[in-house]
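Since the structure comes first, as structure tokens, the remarks are kept for the end.
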Number of protein chains: 2
Amino acid sequence: MTHEFRIVGSNVPRTDARSKVTGAAMYTDDFKLPGMLFGKILRSPIAHGRILNIDVSKAAALPGVKCVITGEDTPKIKYGNWRLFPQTQDEYPLAVDKVRFIGDEVAAVAAIDIDTAEEALELVKVEYEELPAVFDVDRAIIEGAPVIHSITPNNISVDRKIQFGDVDRGFAESDYIRDDVFRVPAVNHAYMEPCSTLARVDADGRITIWTSTQTPYIVQCLLASTLGMRENDVRVIKPAVGGGFGGKMEMRSWDFCAAFMAQKTGRPVKITLTREEEFISGRRRHPMKIWSRVGFKKDGTLMAKDLKVLLDGGAYNSMGPTATFLCGYFGAMLYRIPNYRYFGQRVYTNKPPSGAMRGFGAPQSLFAGETQMNMVAEALGIDPIDLRIKNAVQSGYRIPDVATVSSCGLIDSLNQAKKLSSWTEKRSELKDGKGIGVACYSFISGGVFNWFNTQYPFSAAEVRAFADGTVHLLTMASDIGQGSDTVLKQILAEELGLKMEDIRLTAADTAMTPQADLGSWGSRVTLMAGNAVIDAARQIKDKLAGALFSRFNLNVIFKVEFKNGRVFPEGKPERSMTFGEAVSTAQKANQGIPLVARGHYTPRGKGIVTPTFSFGTQVAQVDVDKETGIVKVEKLWTAHDCGTAINPVSVEGQLEGSVHMGLGYALCEQLVVKEGTTLNQDFLDYKIPSAEDMPPGESVCVDTYEPEGPMGAKEAGEGLVSPTAPAIAEAVFHATGFRSTELPITPENVLRGIGKL
Amino acid sequence: MTHEFRIVGSNVPRTDARSKVTGAAMYTDDFKLPGMLFGKILRSPIAHGRILNIDVSKAAALPGVKCVITGEDTPKIKYGNWRLFPQTQDEYPLAVDKVRFIGDEVAAVAAIDIDTAEEALELVKVEYEELPAVFDVDRAIIEGAPVIHSITPNNISVDRKIQFGDVDRGFAESDYIRDDVFRVPAVNHAYMEPCSTLARVDADGRITIWTSTQTPYIVQCLLASTLGMRENDVRVIKPAVGGGFGGKMEMRSWDFCAAFMAQKTGRPVKITLTREEEFISGRRRHPMKIWSRVGFKKDGTLMAKDLKVLLDGGAYNSMGPTATFLCGYFGAMLYRIPNYRYFGQRVYTNKPPSGAMRGFGAPQSLFAGETQMNMVAEALGIDPIDLRIKNAVQSGYRIPDVATVSSCGLIDSLNQAKKLSSWTEKRSELKDGKGIGVACYSFISGGVFNWFNTQYPFSAAEVRAFADGTVHLLTMASDIGQGSDTVLKQILAEELGLKMEDIRLTAADTAMTPQADLGSWGSRVTLMAGNAVIDAARQIKDKLAGALFSRFNLNVIFKVEFKNGRVFPEGKPERSMTFGEAVSTAQKANQGIPLVARGHYTPRGKGIVTPTFSFGTQVAQVDVDKETGIVKVEKLWTAHDCGTAINPVSVEGQLEGSVHMGLGYALCEQLVVKEGTTLNQDFLDYKIPSAEDMPPGESVCVDTYEPEGPMGAKEAGEGLVSPTAPAIAEAVFHATGFRSTELPITPENVLRGIGKL
């Protein structure tokens, strides 16, 4: 398509790059306030138990300790992101009555330094009555299992069904049916910056917190709620954030404890987690047990799918309800499935809560679905890519009751990946432990279902235009390292015909930026905040066009262009004003009142999932050492459809990050939890791929233009995390004949799989 | 009048009181940023000279010194508040070519600590060619005097005329004419917090400064201009400010130097002046020589006035042009003068620049005018209060071409002061060195004339209303200790029927609060920012009224009340919603878009001075010790008309502060400048009254309601600084027969006046 952009589509340097590289960027832990105290959290050493008594007297008496709190001191208000269904809000900021996992937050202290705070933790004496615990989803749901939350006697906190077509008939009409079970482990977000919160009581009694979060608005609301305050008496500011990947999209105990202890002491309180705390008690990607039955015609036509999933949710719901739905939704994506049934159950266990993590149900669901697709191809003797092309969804396809696909480059991506990777040749020629495999993905561009029950637009932007030719963009959207600040500035610069340096950006401060933005998750920011920015920008443009018409007494039919800092009627650049002159003129016409516009975006009529979908295909080539079982990924080819790439180099960064995360998920990452204890508590024991492990790659952007997206864009940050594992698994199968239905595909598993262990 | 208020008119505690009393309030110098440097300024040791050479090499080589700058390093752009007349902008941030007073800024350094910075200053070697200097206005304007600015060969940078009626005929028709000359000295603002600036280069290359200022918007614009940047690439934040009194209403050298050195070093730079610097080089109230001729009928009718003033402006214009006009304007106020002529000349001398100071021309002009009024009363044998009542302006009075008086309690104030002080009895009975005297004042409620040439409304306010029943008020108005934050919150709370604690206030941040506000000077904030707040609040109310009408399907003629956190039709409280419910309903009606309104105020059609005027009368009783010459003020009675007192205890605070300042002006304060050197450089040598010296007082508010003011209010912070000196002077005359036409009335002057010296 012919969309001519100047700034959108070009590799604009990230606005935060310099400050991050030089160390000037301020992360939460970098902030120091006068009189600031340091907080620490006492965690449960047992997986399940009743709190009989907590004696804080010795801790409180330790010199330098300014505050010790337990759940009993607090307002005892439960929280959780799923405000729309209050019964899902199952977590206290500090444990009340019971602890439910090893690491559950029991008490907090604030002291003049970290050492004193840690010493005080040891002086807090907690008496527990230990209760039987359950760590396995299969056991947790049987009659007589320990009950983790009394209102959920069967330990199934959420279940979710999706159904369309006639599944039984679909299978009846199938020539080939297969059942498989897949298991995927818990993995850690491994963001570079551990969680950190700094809370201050303002002069007027309000609370301000700086916190490492993806969702300042959510933290604001839930923190206010748990403190018993009004929403707008809490201000949340997001400083520089060193990654989130879903692990920072909730209000958490430390946000509450820092704020509550700041209230109790009148002094600022900062709490920064250690890496060990992150591993032991941090949110994680849901481990799942996935049972999938598919039915095909002999010619490869997909007829029916029946999917059942048990999600190991750990001790609290966290973002589990969303993962439970999305897992089923992703099970129905990618291919035209005429008959589909999904039943997902999110199960409580006495383990650290699972939450959101990059992909949000897709990596699990697509590992199963794409692996099974490869199995079917094998069984039916059809090339895996051809099988996919045969069934692939296309633009306009409607998933009944769920979604309608707008732009769709899936088939293109399959064809391009096939070509790019020399698939056909390699598929037939690779030998000696080498293999090649393929997998696809689709992902959402933001969520439509309003589980947070916000009363505001999903995204908002304020644009202030000034006579000096600059504009100020205010948005609650949160750059957590993914580069959204840069992208939003590009969109605004493009729309207004300005340069990047003409734009001041203020973001992610709940008191100062416009209500609201749901945060950075579900790959929603570019599309939703981007659309809000365009909405605001167009209002500004209307005003400036008016100034131009009035100054040159133009015929009302002219279209006005905004380019290179100038405003002029299309085709008549000689009748132009600078952007600043136009602002000045418009402002004068309104008696000096400054030019301000607020734009908004809320997806309406977009099904129940997302306004639009990304697609893509990845091909992996591996070399499996049959002696050691080590899988080396030799190369990855990716063809992906993210609509317009607002900032191509940023999209590439997202691709590389996704590959890195997908590679770990495929081959080496897993949280090993034994009797509720997470055994790997640091980066020595928890293996993430190093730079050395990263395979070379080639990628191509499939050319699509998404009508719902800002300037044709859709998501680029999450979908790509899914195909790597199933593509590698297929390549391993191609190389060795070993088909792994579990992750990670460790050397041990490979050796066992090929009969060497 | 019957205006029922709940919060307006009550003694609401100052919102900043607690933080200031506990020391929690953050003034500029309290801020510390990582890597921050400390700046110092090198000042000229000579009163007038050409800079031949500056050698900074030794200073720059001193370990710990990170930056040394001179005027030559800078963009050499002149600045000054009178942007409307660029030729008045006569000051460089750092001297270029010439120095013009002792203290003129010549160079600046930034170092890792203050000691190093001070040491570096001593290492900067400046070669001057000394030029003849002139320190006296009479000498400065004669032919052949040293020329201080080459474009102003006669050293008269500004002159201003006001004329109406036929002055010559007025005098011709007078029975009694007198000429007098008055002299008033330079005095120091003596604010508690010396000037301080902290500048940082933001990650995006923009500049942020925190500065102790009355006028963040003005500093933003002029700092951007002198740095060669765009206005909105500079952000000015006003932290807590410890007083200004006119001394902090300009961009100053340290704002520029901190910002410029932050740019050069990439590190934050803070400059805080010492008290000595404040005394030696700080702005000051204009010393003046005032010649006044008045003509009266025998019966006391004022027929004509001819006023000529030489203002000693010092080396740069500063706010001199405004003082030059206002001095003439105040000469025409208070009384119905049918024929008036004013000629004011602001004269350059080689002394520190005079600027704005509380009263802004009024203390000088009214000392002359009110003293002369008392002289005339004496001469005509008319009681001074009766003479004033006879000539007093009243509501509706029009000063030709200048202003129309709206509400006016002058005559009331005279009558009430007379009664309150038992004037008549005391005037006839006081003996033995005791005396009683009277003087009146009038003052502006903000200036109308746009000398800063702003393109924005004079005041603006944004109000955001939330469903939790809170509102957020954003305004660039600057609380510098006068209490405007509290007053604006009261006005908003009153208008919306909320409580003070329902309001979050963000003020005085040029990047975040709405454009613009001209700052805190000329007693403009309550009236102008208050009106902007009401404008915004009413837009919010319109929306909420709509929500109410729609919810209860009301007849369109109902008036809607906002009281006690509820919204309801007048007289039908049973059909009410809480404020928050109404917001929620209005927001829902607009698809969740938050409720935000921007209000503005710009005085239009309000003459050329001010939208409205305060008035008042003060009576002083003194006891003069004829042996020592010491004047003890035994009591002060004040009747003043400030319209509605939004916060009576704050008005009382303003009265006490004004009396304190007026007392010092009357009796003891003066900057003693010899050959350009200010001799009194600290509070030991510069005498301000102590708490012990404060006289007991009684005061009464005259009941008026100003239609142009927010909820009937007008100014209360500056006018009262004027009457104290002339009232005391008259009381001294009444007690001793010594009539002082100069200030301060020191013991030495009294003894000389009564022939004892």
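The values are calculated or read from the model by the stated rules, or taken from the named source; none is laboratory data. This one's a predicted model, so the numbers in the text were calculated from it and none came from an experiment. When we count neighbours, we look across all protein chains shown, and the Cβ atoms used for this are built from the backbone with ideal geometry, even at glycine.
So, B:Val158, is that one under 30 Å from B:Ile337 (Cβ atoms) and at pLDDT 95 or above or not?
In short, yes.
With respect to the numbered conditions (1) within 14 Å of chain A (Cβ to nearest Cβ); (2) among the hydrophobic types (A, V, I, L, M, F, W, C); (3) surrounded by 15 or more Cβ atoms within 10 Å (Cβ to Cβ), which one is the sole condition not fulfilled by B:Ala17?
Looking at each condition in turn, B:Ala17 falls short on (3).
Can you tell me which residue among B:Ile399, B:Ile389 is among the β-branched types (Val, Ile, Thr) and in contact (Cβ under 8 Å) with a residue 60 or more places away in the chain?
Unique residue meeting the criteria: B:Ile399.
Within the range A:575-605, work out how many residues are within 11 Å of another protein chain (Cβ to nearest Cβ) and at pLDDT below 95.
1
Filter the range A:115-136 down to the residues that are touching a residue at least 12 places away in the same chain (Cβ under 8 Å) and more than 26 Å from A:Pro75 (Cα to Cα), then identify the one that is surrounded by the fewest Cβ atoms within 10 Å (Cβ to Cβ).
Across the range A:115-136, the extreme among qualifying residues is A:Pro132.
Looking at the range B:575-605, which of its residues are under 40 Å from the mean Cα position of the chain (by Cα) and within 20 Å of B:Leu554 (Cβ to Cβ)?
B:Phe579, B:Gly580, B:Val583, B:Leu595, listed by residue number.
Please verify whether the range A:397-407 includes one or more residues that are part of a helix (DSSP H, G or I) and modelled with pLDDT of 95 or more.
For the range A:397-407, residues part of a helix (DSSP H, G or I) and modelled with pLDDT of 95 or more: absent.
Condition test on A:Leu684, is it surrounded by fewer than 20 Cβ atoms within 10 Å (Cβ to Cβ) and either polar (S, T, N, Q) or out of contact with any helix residue (DSSP H, G or I) (no Cβ under 8 Å at 6 or more places or on another chain) (or both)? Quick ask: steps written out before the conclusion?
Numbers: surrounded by fewer than 20 Cβ atoms within 10 Å (Cβ to Cβ): yes; either polar (S, T, N, Q) or out of contact with any helix residue (DSSP H, G or I) (no Cβ under 8 Å at 6 or more places or on another chain) (or both): yes.
Yes; evaluated as a whole, the condition is true for this residue.
Residues that are among the aliphatic types (A, V, I, L, M), outside any helix (DSSP H, G or I), modelled with pLDDT of 95 or more and not assigned by TED's automatic domain parsing to the domain that holds B:Leu492: does the range B:729-744 have at least one?
Yes - at least one qualifying residue is present in the range B:729-744.
When you look at A:Gln482, is it more than 13 Å from chain B (Cβ to nearest Cβ), touching a residue at least 60 places away in the same chain (Cβ under 8 Å), in contact with a helix residue (DSSP H, G or I) (Cβ under 8 Å, 6 or more places away or on another chain) and under 30 Å from A:Lys606 (Cα atoms), yes or no? Spell out the reasoning first.
Values: more than 13 Å from chain B (Cβ to nearest Cβ): yes; touching a residue at least 60 places away in the same chain (Cβ under 8 Å): yes; in contact with a helix residue (DSSP H, G or I) (Cβ under 8 Å, 6 or more places away or on another chain): yes; under 30 Å from A:Lys606 (Cα atoms): yes.
Yes, satisfied.
Does B:Leu505 qualify as being in contact with a helix residue (DSSP H, G or I) (Cβ under 8 Å, 6 or more places away or on another chain) and among the aliphatic types (A, V, I, L, M)?
yes
Give the residue, chosen from A:Ser650, A:Ser658, that is hydroxyl-bearing (Ser, Thr, Tyr), buried (at least 24 other Cβ atoms within 10 Å of the Cβ), under 30 Å from A:Asp517 (Cα atoms) and more than 14 Å from chain B (Cβ to nearest Cβ).
A:Ser658
(1) among the hydroxyl-bearing types (Ser, Thr, Tyr); (2) surrounded by fewer than 17 Cβ atoms within 10 Å (Cβ to Cβ); (3) farther than 28 Å from A:Pro239 by Cα; (4) touching a helix residue (DSSP H, G or I) at 6+ places or on another chain (Cβ under 8 Å): which one isn't true of A:Ser10, the others all being true?
A:Ser10 satisfies every listed condition except (3).
Scan B:Arg178, B:Arg169, B:Arg139 and give me the residue that is of a type outside the set (A, V, I, L, M) and either without any contact (Cβ under 8 Å) to a residue 40 or more places away in the chain or closer than 25 Å to B:Val96 by Cα (or both). Full working, then the answer.
Values: B:Arg178 fails: either without any contact (Cβ under 8 Å) to a residue 40 or more places away in the chain or closer than 25 Å to B:Val96 by Cα (or both); B:Arg169 fails: either without any contact (Cβ under 8 Å) to a residue 40 or more places away in the chain or closer than 25 Å to B:Val96 by Cα (or both).
Only one candidate passes the filter, namely B:Arg139.
How many residues does the range A:260-272 hold that are outside any helix (DSSP H, G or I) and either in contact with a Lys or Arg (Cβ under 9 Å, 6 or more places away or on another chain) or more than 23 Å from A:Gly244 (Cβ to Cβ) (or both)?
6
Test each condition in (1) buried (at least 24 other Cβ atoms within 10 Å of the Cβ); (2) within 26 Å of A:Gly344 (Cβ to Cβ) for A:Leu414 and report the one that comes out false.
Failed condition: (2).
Please work out if B:Asp625 is surrounded by 24 or more Cβ atoms within 10 Å (Cβ to Cβ) and either modelled with pLDDT of 95 or more or within 14 Å of another protein chain (Cβ to nearest Cβ) (or both).
For B:Asp625, the condition - surrounded by 24 or more Cβ atoms within 10 Å (Cβ to Cβ) and either modelled with pLDDT of 95 or more or within 14 Å of another protein chain (Cβ to nearest Cβ) (or both) - is not met.
Within the range B:351-369, identify whether any single residue is crowded, with 24+ Cβ neighbours inside 10 Å, more than 20 Å from the chain's Cα centre (by Cα) and over 23 Å from B:Val659 (Cβ atoms), and answer yes or no.
There is at least one residue in the range B:351-369 that is crowded, with 24+ Cβ neighbours inside 10 Å, more than 20 Å from the chain's Cα centre (by Cα) and over 23 Å from B:Val659 (Cβ atoms).
Criterion first (surrounded by 17 or more Cβ atoms within 10 Å (Cβ to Cβ) and farther than 27 Å from A:Pro239 by Cβ) does A:Val583 satisfy it?
yes
Consider B:Arg346 against the criteria (1) buried (at least 24 other Cβ atoms within 10 Å of the Cβ); (2) in a helix (DSSP H, G or I): it satisfies all of them except one. Which criterion is unmet?
(2)
Taking the range B:204-238 only, how many residues are within 14 Å of chain A (Cβ to nearest Cβ) and not basic (Lys, Arg)?
First pass over the range B:204-238, keeping only residues within 14 Å of chain A (Cβ to nearest Cβ): B:204-208, B:217, B:220-225, B:227-237.
Applying the additional criterion that residues be not basic (Lys, Arg) yields B:204-205, B:207-208, B:217, B:220-225, B:227-229, B:231-234, B:236-237.
The total comes to 20.
Identify the residue in the range B:440-466 that is within 18 Å of B:Arg538 (Cα to Cα) and in contact with a Pro (Cβ under 9 Å, 6 or more places away or on another chain) and, among all such residues, is farthest from the other protein chains (Cβ to nearest Cβ).
B:Ala461
What number of residues within the range A:14-56 satisfy the criterion of being within 17 Å of A:Gly483 (Cα to Cα) and in contact (Cβ under 8 Å) with a residue 40 or more places away in the chain?
Of the residues in the range A:14-56, 8 are within 17 Å of A:Gly483 (Cα to Cα) and in contact (Cβ under 8 Å) with a residue 40 or more places away in the chain.
Within the range A:432-478, can you find the residues that are touching a residue at least 60 places away in the same chain (Cβ under 8 Å), within 20 Å of A:Thr526 (Cβ to Cβ) and either assigned to a strand (DSSP E or B) or over 20 Å from the mean Cα position of the chain (by Cα) (or both)?
Of everything in the range A:432-478, those that are touching a residue at least 60 places away in the same chain (Cβ under 8 Å), within 20 Å of A:Thr526 (Cβ to Cβ) and either assigned to a strand (DSSP E or B) or over 20 Å from the mean Cα position of the chain (by Cα) (or both) turn out to be A:Tyr441, A:Ser442, A:Phe443, A:Ile444, A:Tyr456, A:Ser459, A:Ala460, A:Ala461, A:Glu462, A:Val463, A:Val471, A:Leu473.
Can you pull out every residue in the range B:189-216 that is under 17 Å from B:Ala356 (Cα atoms) and surrounded by 24 or more Cβ atoms within 10 Å (Cβ to Cβ)?
Answer for the range B:189-216, where residues must be under 17 Å from B:Ala356 (Cα atoms) and surrounded by 24 or more Cβ atoms within 10 Å (Cβ to Cβ): B:Cys195, B:Ser212, B:Thr213, B:Gln214, B:Thr215, B:Pro216.
Please identify the pairs in which a residue from the range A:83-100 that is farther than 16 Å from A:Ser225 by Cα has its Cβ atom under 6 Å from the Cβ atom of a residue that is of a type in the set (Asp, Glu) and at pLDDT 95 or above, counting only partners at least 6 apart or on another chain.
Taking only residues 6 or more apart or on different chains, the pairs are A:Ala95/A:Asp104.
Looking at A:Met319, A:Met333, can you tell me which residue is at pLDDT below 95 and in contact with a strand residue (DSSP E or B) (Cβ under 7 Å, 6 or more places away or on another chain)?
Selected residue: A:Met333, the only one of A:Met319, A:Met333 that is at pLDDT below 95 and in contact with a strand residue (DSSP E or B) (Cβ under 7 Å, 6 or more places away or on another chain).
Please determine whether any residue of the range A:257-266 is of a type in the set (Ser, Thr, Tyr) and either on the phi > 0 side of the Ramachandran plot or surrounded by fewer than 22 Cβ atoms within 10 Å (Cβ to Cβ) (or both).
Yes; the residues of the range A:257-266 include at least one that is of a type in the set (Ser, Thr, Tyr) and either on the phi > 0 side of the Ramachandran plot or surrounded by fewer than 22 Cβ atoms within 10 Å (Cβ to Cβ) (or both).
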